[in-house]
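Quick notes on the structure that follows.
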Amino acid sequence: MSDVKLLSEPTNYAVVHLPDRRFPGIVFQGDSLHILIKDLEHVANEIDPLEKEAELAYVIERLREVQAHYDAVLDREGIEPPYARD
């Protein structure tokens, strides 16, 4: 069995390349995943449309930061991402 290759610092959203996978992935720490889910549940239950929009924008921005980190690591490693960049 091949080893997992850590491509970034071991942060809350580490980029790793698993054996037999074409593209690297992102490992979410359990607490970070839990917080993200709780934030999305809060957005889903929000009644005020303006508050809902602001909270959803905040969660999306956090996920964009994770993706930007992923993109930067892939660029550094010379790996094309598994999607077209915006």
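Candidates VAL66, VAL27, VAL15: the one that is of a type in the set (A, V, I, L, M), surrounded by 13 or more Cβ atoms within 10 Å (Cβ to Cβ) and assigned to a helix (DSSP H, G or I) is VAL66. In the set (1) under 20 Å from GLN67 (Cβ atoms); (2) out of contact with any Leu (no Cβ under 9 Å at 6 or more places or on another chain), the condition left unmet by ASP20 is number (1). Condition check for ILE47 on (1) surrounded by 12 or more Cβ atoms within 10 Å (Cβ to Cβ); (2) at pLDDT below 95: one failure, at (1).
The values are calculated or read from the model by the stated rules, or taken from the named source; none is laboratory data. Only a predicted model underlies this, so the values are computations on that prediction, with no experimental measurement involved. Here the Cβ is made from the backbone with ideal geometry for all residues, glycine too, and neighbour counts use every protein chain on show.
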